[in-house]
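Beneath this line is the structure, given in structure tokens, with notes to follow.
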Amino acid sequence: VVKVVCIGGNEQSYKTVLSKLNSQYPNIDFIKHISVGGKNAFYTIDTMNPDIILIHHKSNLQNALQFYDSVRNDMDESGVYYRDKYKYKRIVVIAPQDDFSYDMQLRNKGIDFYVKEINARTRTVDVKELVSVINQAYADIKSQKQQEQKLAQEALERQQKAEQEALMNSLPNIEIQAEEVPQNQPVATPVREEVVAQQQPTPRPMVTPNP
């Protein structure tokens, strides 16, 4: 489930529309409306741990662009940059309608996910468009995680290969060589047993004396 907090905007619309969207879109859950930006917003985000931070462009104390700058540049009380704490979160801005200058500011800051309000007075948005943008932002989070896992696995495999090669190189270089036969030396051949038939002496003819 994609968890979403909303900063600023129309709180009544949040209560009557956005907070009830889970029945129609079960994969999205609007868990908290935060009235103003600033430190209070950061405390609530740290507590609720949402995936998506939906913020109105005119939220009080800290508007959407100022909030984004704080995430990029500021640290929490422990000295940890918010950009590191929130690297698996995405900011979705409710932008003013038909404001080209504001669109350019969003692009220049690298804010890729925003939805235009359809009524400046009520500060409401098209729900289907909002849901679509939220799903795109969450898909971007998953893609980032998968890419980092892939890079980590590749790094681990390289390390294991390097360690294996280092181990092999540390072993003594032992070579087994065949015994060489000196040149100009007859090669002994195996003796083959033979059975030699015993030879009988040839009998001599008897010589008789002449009378």
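Just a few scattered comments:
- ALA152 aliphatic (A, V, I, L, M), modelled with pLDDT of 95 or more and under 21 Å from the mean Cα position of the chain (by Cα): no
- Restricted to region 76-111, and to residues there that are under 11 Å from ALA64 (Cα atoms), open to solvent by less than 20 Å² (accessible area, probe 1.4 Å) and within 25 Å of the chain's Cα centre (by Cα), the residue that is modelled with the lowest pLDDT is ILE111.
- Scanning region 112-138 for residues that are open to solvent by 30 Å² or more (accessible area, probe 1.4 Å) and in a helix (DSSP H, G or I) returns VAL127, LYS128, GLU129, SER132, ASN135, GLN136, TYR138.
- Search result, residues across region 88-111 that are touching a residue at least 40 places away in the same chain (Cβ under 8 Å) and in a loop (DSSP other than H, G, I, E, B): TYR88, LYS89, ILE111
- For region 15-27, filtered to residues that are closer than 12 Å to VAL127 by Cα and of a type outside the set (S, T, N, Q), the residue that is surrounded by the fewest Cβ atoms within 10 Å (Cβ to Cβ) is LYS20.
- Filter pass, GLU157 being more than 16 Å from ASP51 (Cβ to Cβ), part of a helix (DSSP H, G or I) and within 25 Å of the chain's Cα centre (by Cα): yes
- For region 139-160, the tally of residues that are open to solvent by 60 Å² or more (accessible area, probe 1.4 Å) and either touching a residue at least 12 places away in the same chain (Cβ under 8 Å) or of a type in the set (D, E, K, R) (or both) stands at 8.
A quick yes/no check of all residues on (1) open to solvent by less than 20 Å² (accessible area, probe 1.4 Å); (2) farther than 17 Å from GLU117 by Cβ; (3) not hydroxyl-bearing (Ser, Thr, Tyr):
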residue	(1), (2), (3)
HIS33	no, no, yes
ASN40	no, yes, yes
PRO50	yes, yes, yes
LEU54	yes, no, yes
ALA64	yes, no, yes
TYR68	no, yes, no
ASP74	no, yes, yes
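- Looking only at region 37-47, residues that are within 16 Å of ILE91 (Cβ to Cβ) and among the β-branched types (Val, Ile, Thr) come to 2 in all.
- Of everything listed in (1) in contact (Cβ under 8 Å) with a residue 40 or more places away in the chain; (2) open to solvent by less than 60 Å² (accessible area, probe 1.4 Å); (3) more than 18 Å from GLU117 (Cβ to Cβ), the single unmet condition for CYS6 is (3).
The values are calculated or read from the model by the stated rules, or taken from the named source; none is laboratory data. Just so you know, these numbers come straight off a predicted model, no measurement behind them. Methodologically, a virtual Cβ is constructed for each residue, glycine included, from the backbone with ideal geometry; neighbour enumeration extends over all protein chains shown. Just so you know, the surface numbers come from the protein's heavy atoms only, side chains and all, with ligands and any DNA or RNA stripped out. Shrake-Rupley method; radii C 1.70, N 1.55, O 1.52, S 1.80 Å.
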